[in-house]
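What follows is a short report on a single structure.
Here, each number is a calculation from the coordinates, and none is a lab measurement. The model shown is predicted, which means the values in this text are computed figures rather than measured ones. Cβ placement follows ideal geometry from the backbone for every residue including glycine, while neighbour counts extend to all protein chains displayed.
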Amino acid sequence: MLAFIIRRLGASVLVLLVGTFVIYNLTAISGDPLGDLRGSTAPNKQALIDARIQALDLNVPPPLRYFLWLSGLLKGFIGQFTLGNSIGGLPVTTLLENSVGNTLQLVTAATMLGIIFGVAIGMSTALRQYSGYDYTVTFFSFLFFSLPVFWVAVLLKLYVAIGFNDFLANPAISPPLLIIMSLLSGFIWMSIIGGEGKPRLIVFGSATLITAAILIFLLVTDWFTNPQLGPVLILVLGGLTAVMVTSLTTGLTNRRALYATLVTAAVGGALWYPLQFAFDALPELWFLAALGILAIVVGGAIGFVMGKDDRWVAARAAAITGFLVGFLLIIDRAMAAWPAYVQAVGGRPIATVGASTPDLGGSLWVGMVDSYTHLLLPTIALILISLAGYTRYARASLLEVMNQDYVRTARAKGLSERTVVMRHAFRNAMIPVVTVVAVNVGGLIGGAVVTETIFAWKGMGALFVSALHEVDVNTVMGFFIIVGIITIVFNMLADIAYTALDPRIRVS
Amino acid sequence: MSNLLTQMETPEDPSNLGMTIEQREVEGLSQGTIVRRRFFRHKGALISMCVLAVTFLLVYSSVGFNLFGLEIPGWWKYGYTAQGPIVNHGDPTWVLPFNFGDHPFGQDEIGRDIFARVMRGAQQSMVVTVLYGAIAAALGVVVGALAGFYRGRIDQWLMRLTDLFLIFPIIVLGAVLGQMVGGLGAAALGVVLGLIGWTELARLVRGEFLSLREREFVDAARVAGAGTGRIIFKHILPNAIGVVIVSTTLLMSSAILIEAALSFIGFGIVAPDVSLGQLINLYQGAFTTRPWLFWWPGLFIIVIALCINFIGDGLRDAFDPRQRRIPGGTGPYRQMAALIAGVFRGSRQKSPAEPTVGQS
């Protein structure tokens with residue numbers, strides 16, 4: 001394994017060297033880095049031009065200048081790492097430092113959510129192949145696949161941001177709209193869950209009623225202006241999470257696992273009150289991370305103790321539940337900051353540009369809500385596009401796997417459909433999806449170039465676009481080297497993930 | 001066509017009764033015929049073909065085009081750069097359904113006709129798409145075929161070359177190259193994008209060749225004295241053609257989006273020429289006051305890309321040898337409606353079985 005990684009890294013470094021050489025030269029000859037100065041009317045024009053030529057070694061021809069740039073990189077070994085200066089005179093490393101975080105924040109959220117939803121939707125369509133649900137999702141995934149991201153972004157700004165802000169100013173849903181929304185939700189659930197005749201109608205009816213009840217509850221309690229979960233809702237949602245996690249991981253027939261997850265959820269609900277003080281006393285990010293880990297550990301321990309015969313299975317289910325309940329607790333606390341945040345930004349909470357509100361102040365929680373509201377639109381735009389691809393791949397690969405002999409064998413053994421799908425088919429279906437994810441991460445950063453431009457997001461993409469317009473070679477190269485490294489690392493992770501998913505594949 | 005379909009959907013010929021559905025479906029037909037029939041049965045692909053053809057005709061006949069210096073005029077009265085007096089505050093004059101008026105898609109703030117501009121932009125997109133598809137397919141097939149057939153050192157070098165292109169996202173490479181050639185117009189942009197977009201296809205073709213070259217028919221051809229070129233192009237490539245066609249289609253649908261995105265961020269086609277992405281960029285500020293400036297270019301991008309995607313899906317289904325769908329089953333929505341209606345009528349008859357034969 002280690003030999004494989006080293007060999008792979010060696011080859012990648014060579015490829016990266018050749019790649020950067022080509023890009024450096026292409027960028028350097030793509031325009032005139034002195035263009036803005038030549039057209040200027042400043043009295044000291046010549047002096048400025050000379051200064052820039054001096055600063056950026058523009059009198060050295062590009063193929064040789066590449067080696068000057070490379071030597072800056074290699075000086076990293078003696079502690080003088082540099083990527084050169086931008087046209088504005090700032091070190092490229094400083095520029096990147098400020099922007100890499102922003103881009104990663106954007107891309108990480110979009111990738112994770114895109115994968116989770118894409119795989120879930122794709123798998124559910126594969127299990128309901130040739131149903132109305134399947135056809136509808138297929139049509140929409142093709143539609144999303146064909147959408148230009150910048151066009152969607154402008155629409156999102158207008159309808160989602162402005163429309164939702166208007167809605168929040170006066171949160172009311174008219175009764176006919178409420179009925180339509182409930183019926184629609186009932187219809188969607190009915191087509192996902194499937195079944196025949198009467199059960200199907202029961203699903204439709206109950207989903208409609210539940211949606212209507214939730215919407216009415218939200219409106220009556222004025223939830224949109226003052227959102228909160230509170231201990232009761234956390235207990236209810238935690239219980240639901242416990243049941244869902246159990247049914248997906250071990251099946252509801254495993255009573256011990258079910259009780260373990262339910263106890264975990266109850267512990268989470270009981271911790272709500274003391275945590276309110278802890279959150280206010282320690283408003284730090286590391287505390288939240290520690291809380292998440294603690295939730296997993298506590299859940300795992302409860303599962304392990306209660307699991308008896310099947311300790312590790314119950315521990316896994318309870319750990320997942322613990323993590324999700326911890327997440328609910330944090331969301332609840334962030335929601336409590338919502339009214340203060342809305343007031344601070346003048347009643348228009350969903351932002352259309354930038355990564356954060358300048359000079360916002362307030363606590364960690366207000367800042368957290370602030371970055372979520374800024375992330376919302378760009379993330380939706382990026383998800384819509386990537387979701388379509390993942391859905392298609394997950395569907396195709398699960399269909400392929402469901403036709404295999406070992407799935408038939410598993411069914412013939414009398415295993416439940418859940419075990420067949422989740423344990424036998426799912427892991428094998430994920431192998432091609434992992435490749436696509438790895439390849440897409442590079443592409444997603446490419447997509448972020450466009451998204452950042454529209455949302456005025458001060459990330460690497462925006463840096464790249466402005467640098468390329470100015471023929472600022474060093475900054476462009478800084479962007480390229482980071483994208484290149486990320487792509488290489490993810491492709492290698494994909495190779496390693498293969499072995500984890502399919503023990504028959506051996507890297508080497 | 002309908003003749004063929006009825007023939008396919010009533011496979012009740014007594015002499016065929018012993019066969020499975022799949023066998024009956026492909027019995028005694030050439031590969032080409034099977035693929036063609038399957039493709040024409042895919043409704044989405046068929047409709048998309050028609051829509052794409054109509055769009056193509058509309059786009060090229062309306063504002064005319066320039067064929068190697070030969071100016072061919074169109075039937076539309078305005079050019080894409082001409083400024084006219086503003087009619088109707090620049091609002092679209094199209095009254096549904098057929099009263100088009102002077103400027104059916106409206107005018108921008110200096111009186112240019114949006115219909116003419118969108119048509120010209122769509123032309124550019126189509127040029128980029130076709131060139132990109134053709135060049136990327138040719139390069140991808142050649143590189144993949146050579147790497148997969150010869151293996152060993154040639155394979156190593158060609159795959160490292162592919163890695164070189166794969167390291168950087170295509171939109172980013174395209175931006176650097178588009179900055180250099182963007183002013184030269186759509187054809188140059190299409191060629192440049194094609195030169196960097198072949199990598200995915202090359203990998204797929206290589207994979208196909210690696211497995212196909214070990215098959216018996218290749219040995220048979222070699223024993224019969226066929227040369228390398230003949231084996232590659234006459235024996236192996238036709239067996240890999242499904243993969244090539246399908247992924248070329250998907251490449252083409254991404255090409256139109258890449259071109260639009262590049263033009264949007266200013267590295268693709270630049271003014272005074274127009275492209276759909278550039279139009280959206282130009283008019284995005286006017287969205288709240290003149291949304292039609294913004295709707296039309298986006299709509300054409302979506303229509304073209306969607307059609308190509310559906311055709312690609314139809315081709316994929318047609319080339320898939322494992323496709324085992326029952327011909328002539330009722331559509332899913334009709335089934336669902338029948339199901340609901342049946343429940344309401346109180347009849348407890350078993351619903352028509354969902355055609356999930358593919359899972360058997």
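How big, in percent, is the set of alpha carbon pairs in chain A lying more than 39 Å apart? For chain A, the share of Cα pairs beyond 39 Å comes to 37 percent.
Once the Cβ-Cβ distance of A:LEU501 and A:ALA120 is raised to the sixth power relative to R0 = 22 Å, the FRET efficiency obtained is 0.80. Centre-to-centre separation between the Cα atoms of region B:201-237 and those of region A:99-174: 43 Å. Please say if the protein assembly as shown is rounded, prolate or oblate, where rounded means a/c under 1.5 for a ≥ b ≥ c the square roots of the C-alpha gyration tensor eigenvalues, and otherwise the choice is prolate for a/b larger than b/c and oblate otherwise? Here the protein assembly as shown falls in the rounded category. If eta is 1.306 mPa s and T is 10 °C, what Stokes-Einstein diffusion coefficient results for region B:93-169, Kirkwood Rh from Cα pairs, in µm²/s? So the translational diffusion coefficient is about 96 µm²/s. Taking the 0 to 90 degree range and rounding to the nearest ten, how far is the long axis of helix A:92-127 tilted relative to the main principal axis of chain A, both from C-alpha atoms? Relative to chain A, helix A:92-127 is tipped by roughly 30 degrees. From most to least packed by mean Cβ count within 10 Å, the peptides A:349-358, A:88-97, B:134-143, A:171-180 give B:134-143, A:349-358, A:88-97, A:171-180.
Distance from the Cα centre of region B:245-320 to that of region A:331-352, in angstrom? If we compute the Cα centre of each part, the gap is 36 Å. Just check region A:167-311 against the gyration tensor rule for me: Cα atoms, a ≥ b ≥ c as the square roots of the eigenvalues, rounded for a/c under 1.5, and otherwise prolate or oblate depending on whether a/b exceeds b/c. The shape class here is oblate.
Straight-line reach from B:LYS77: taking Cα to Cα under 15 Å and skipping same-chain neighbours fewer than 8 places apart, the aspartates and glutamates in range are B:ASP102, B:ASP113. The mean count of C-beta atoms from other chains within 10 Å of the C-beta of residues in A:147-159, rounded to a whole number, is 6. Annotation note: chymotrypsin sites (Phe, Trp or Tyr not before Pro) in region A:299-343 located in DSSP loop regions with a Cβ neighbour count of at most 13 within 10 Å are absent. With K and R counted +1 and D and E -1, the other residues having a Cβ less than 15 Å from that of B:ILE232 yield a net charge of +3. Residue by residue along B:279-291, Cβ atoms of other protein chains within 10 Å of the local Cβ number 2 on average.
Axis of helix A:473-501 versus longest Cα principal axis of chain A: the two differ by about 30°, to the nearest ten degrees. Counting Cβ atoms of other protein chains within 10 Å of each residue's Cβ and taking the mean over peptide A:461-470 gives 3.
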